[in-house]
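The values are calculated or read from the model by the stated rules, or taken from the named source; none is laboratory data. These numbers come from a predicted model, not from an experiment. Note: ideal-geometry Cβ built from the backbone for every residue, glycine included; neighbour counts use all protein chains shown. With ligands, DNA and RNA removed, areas are computed over all heavy atoms of the protein, side chains included. Shrake-Rupley method; radii C 1.70, N 1.55, O 1.52, S 1.80 Å.
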Amino acid sequence: MRWSWCGIATVFTLVFAVVEAPRLHAQATQYADKPPLLVGAAWYPEQWPEPQWDKDLALMEAAHIDVVRVGEFAWSTMEPAEGQYDFGWLDRAIADAAKHHICVVLGTPTAAPPDWLTTKYPETLRMDENGVRDEHGNRQQFSFTDPLYRKFAHDIAEQMAIHFGHNPDVVGWQLDNEYANPSFDPTAKAQFHAWLAKKYGTIDNLNHHWATAYWSQTYDNFDEIPVREDGENPALLLEWKRFVSDTWRSYSENQIAAIRPHADPRQFITTNTMGWFDGFNEYTVHAVLDMAAWDDYIDSDHYDFIDNGARHDLTRGFRMKDFWVMETEPAFVNWRRTNTPLEKGQVRDMAWQAIGHGANTVEYWQWRSAPNGQEEYHGVLVGADGTPVPVYYEIQQVGKEFAEAGPAIAGTSPHSEVALVNDYDSRWAIDFQRHSAAFDPVTEMLAFYAPLREQSQAVDIVSIDTPLDAYKVVELPALNVISQAMADRLMAYVRQGGHLLLGPRTGMKDEYNALQPERQPGPLVDFLGGRVDQFYALDANVPVSGELGDGTANIWAEQLSVQSAETKVLLRYGKSNGWLDDQPAVITRAVGRGTITYVGAWLDAGTMSRLTQQLLQEAGVQPIVAGVPEGVEVCRRSNAEKSVLILINHNTEDEHVALPEPMRELIGKQGTVSSVDLPGYGVAVLELQK
Ligand code: GLA
Ligand code: GLA
């Protein structure tokens, strides 16, 4: 009965779509009957009596909420006993949501296995580095390598897909939840050893690349290799991270293989990631996902729009296309030391920043406080009592505005002429051996990102494997691990006219995390016409001066030397530890119309800004809107037909922005304007007709 009903509904939808099309452009989803931009919330119907659902859903609809993510922690409700599935409640929850014009993303519940599973099969539980098994309770207590766990995960995902794969209100799938912790159980170790054997072929080959004569590490067999996350040979540590990355990919593939054959091809499959988190290589895992999605929680006690924008750009780079914010905070979380709230207006500011950087959906975690559980203090839209909390009304405004501006934004994406390379191998390699505790690879990357973002107003954060030809400027803040193939691609990029900027520690290691046979930047030394003679950790400012003005270096300084008459010194160190005095700190060489520049020091923000300015000027990169006040962010989304600007005033004071030409406001008054006045945390969304 249910199936025929579904069939009739589908036919009706198709006929309706033919008559009405094109009503809306698919954007956030592949479903043309869903709005192009979505506001959503994490909803846990399994925590509430069914008669209460409708009141929640009515409040959601009134807040213009279009999507709920459901199910990602509901394994014990979906499969209360081994092999006994109960999806009736979820059918009813989805149908109730649909009555309120709310569609659904289904989470596979594998981040929280039910008690019957881990009790009967304790080998599915993860083991820490010291061999201690996790126990039931909390979440993420499973072993990501365990074949039996994979079988249970496959089965629940398959059953869900058979049941919901053609439900027209289910627009996509989230696998698991925030992949994070590897396991060090005997199966994981055996799989790591097999992975190494496949990669290296012989143990002698491994001994050679790892230089295991050092400290008598020489191995006779692959299964003797220890497994630890720190304190070991850097080659071993790097390979373990790569193995963990491949394992999370196969963990995903296991569930994708269960879902895809039963799912409408329009349903996306993704997982929710965590910004700068580097427990595995996101590019490796995203190779098998349809789209990227991330959980946007601010990284410190107060909103830093540069860092937050960078994390959006990072996430967009995982699949090089638009993405979802699968979770974000409704003003505050419960897991920081001091859970200060976002200020009034900043929730809306953040929502529009997400859209500006290429998100098509912003979902709040969570809709309603659970009656109990570890997160009772977390921000919500509705209290456990079922009535709105103050931030509900700000999110309601966001929902209204997404609906207003959505049709104009449909089909557009951010585009950038500059790229910043995020490289997990290099971040790990530096983290294993920081040498200066303050050398945090992400902080260093942000020191390069901030002036690029401010001056070009659009930055792609990409993997080193991304084609670079389309970019006028490419920056590698610290490509510590470099292969000959990478170096060849970078040289080709410069030869065809690209402007390449290398940061400190670039080109030090080969792909086995061994020192390069040449000094830094390794295979680029001859091309650059210069090299690093020595590196030094710093704990005080060192002056720098030259063509780029006066400034300082701190944390890290490399003493450079120049070997080619064509290589120019842009900055030199002033008096400091003797070694650095008067030595080159930044050098550059023109190659045809391109340039290669090596920055040997962690420079102050002013000097980075001037360096960036010079580079962008040489490369002919212009800002999208010139002369905007500091703290006002400009984002552009465009396609061949249209262009939409999103201006966000991250300051508390009012700001005025003159527009390059008259534009139509898409939210608020919606007239044509040639300038905008933005109150503190104010947003303008403007359309430019091409
Ligand atoms: C100790 C050890 C050496 C070496 C140095 C490094 O002295 O004996 O093998 O590790 O530290 O400073
Ligand atoms: C993460 C998890 C959610 C929730 C939030 C709270 O993002 O995915 O289940 O715990 O944190 O901030």
Item checked: Within the range 82-119, tally of residues that are surrounded by fewer than 15 Cβ atoms within 10 Å (Cβ to Cβ) and not polar (S, T, N, Q) -> 9
Checklist line | Residue list for the range 468-504, filter: in a loop (DSSP other than H, G, I, E, B) and closer than 15 Å to Ser426 by Cα | finding: Pro477, Ala478, Leu479, Asn480, Ile482, Ser483, Gly503, Pro504
Next item on the list: Scan the range 143-154 and give yes if some residue there is within 27 Å of the chain's Cα centre (by Cα), at positive phi and not acidic (Asp, Glu), otherwise no.
Entry: no
Item checked: Gly275 vs. criteria away from ligand 2 (no atom under 16 Å from the Cβ) and either modelled with pLDDT of 95 or more or touching a strand residue (DSSP E or B) at 6+ places or on another chain (Cβ under 7 Å) (or both) -> no
Next item on the list: For residues that are among the aliphatic types (A, V, I, L, M) and not in a helix (DSSP H, G or I), tally how many sit in the range 132-161.
Entry: 1
Note to self: Please count how many residues of the range 298-356 are within 16 Å of ligand 2 (Cβ to nearest atom) and either in a loop (DSSP other than H, G, I, E, B) or β-branched (Val, Ile, Thr) (or both).
What the structure shows: 23
Check: Do the conditions hold for His208, that is, is it of a type outside the set (Lys, Arg), buried (at least 16 other Cβ atoms within 10 Å of the Cβ) and in a helix (DSSP H, G or I)?
Finding: no
Notebook entry, point to check: In the range 162-176, is there at least one residue being at positive phi, assigned to a loop (DSSP other than H, G, I, E, B) and within 14 Å of ligand 2 (Cβ to nearest atom)?
Noted result: yes
Next item on the list: Please give the strands (runs of 3 or more DSSP E) falling wholly within the range 575-619 in which 2 or more residues are within 30 Å of the chain's Cα centre (by Cα).
Entry: 594-599, 601-603
Next item on the list: Return only the number of the condition from (1) over 22 Å from Ala419 (Cα atoms); (2) more than 16 Å from ligand 2 (Cβ to nearest atom); (3) open to solvent by 40 Å² or more (accessible area, probe 1.4 Å) that Leu289 does not satisfy.
Entry: (3)
Next item on the list: Give me the pairs, please: first residue somewhere in the range 148-167 and more than 16 Å from Glu82 (Cβ to Cβ), second residue anywhere and open to solvent by 30 Å² or more (accessible area, probe 1.4 Å) and in a helix (DSSP H, G or I), beta-carbon distance under 6 Å, and either six or more positions apart or on two chains.
Entry: Ala161/His262; Ile162/His262; Gly165/His262
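Would you check if there is a residue in the range 466-483 being open to solvent by 10 Å² or more (accessible area, probe 1.4 Å), touching a residue at least 60 places away in the same chain (Cβ under 8 Å) and either among the hydrophobic types (A, V, I, L, M, F, W, C) or in contact with a helix residue (DSSP H, G or I) (Cβ under 7 Å, 6 or more places away or on another chain) (or both)?
Looking only at the range 466-483, we keep the residues that are open to solvent by 10 Å² or more (accessible area, probe 1.4 Å), and these are 466-467, 469-472, 478, 483.
Right, trim to touching a residue at least 60 places away in the same chain (Cβ under 8 Å) and you get 466, 472.
Next, from what is left, pick out any that are either among the hydrophobic types (A, V, I, L, M, F, W, C) or in contact with a helix residue (DSSP H, G or I) (Cβ under 7 Å, 6 or more places away or on another chain) (or both): 472.
The answer is yes, given that some residue of the range 466-483 is open to solvent by 10 Å² or more (accessible area, probe 1.4 Å), touching a residue at least 60 places away in the same chain (Cβ under 8 Å) and either among the hydrophobic types (A, V, I, L, M, F, W, C) or in contact with a helix residue (DSSP H, G or I) (Cβ under 7 Å, 6 or more places away or on another chain) (or both).
A quick yes/no check of all residues on (1) more than 17 Å from Val104 (Cβ to Cβ); (2) open to solvent by less than 50 Å² (accessible area, probe 1.4 Å); (3) in a loop (DSSP other than H, G, I, E, B); (4) more than 16 Å from ligand 2 (Cβ to nearest atom):
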residue: Tyr31; (1), (2), (3), (4): no, yes, yes, yes
residue: Val39; (1), (2), (3), (4): no, yes, no, yes
residue: Gln52; (1), (2), (3), (4): yes, no, no, yes
residue: Met60; (1), (2), (3), (4): no, yes, no, yes
Notebook entry, point to check: Out of the residues in the range 357-396 that are among the charged types (D, E, K, R) and within 14 Å of ligand 2 (Cβ to nearest atom), which is surrounded by the most Cβ atoms within 10 Å (Cβ to Cβ)?
Noted result: Glu363
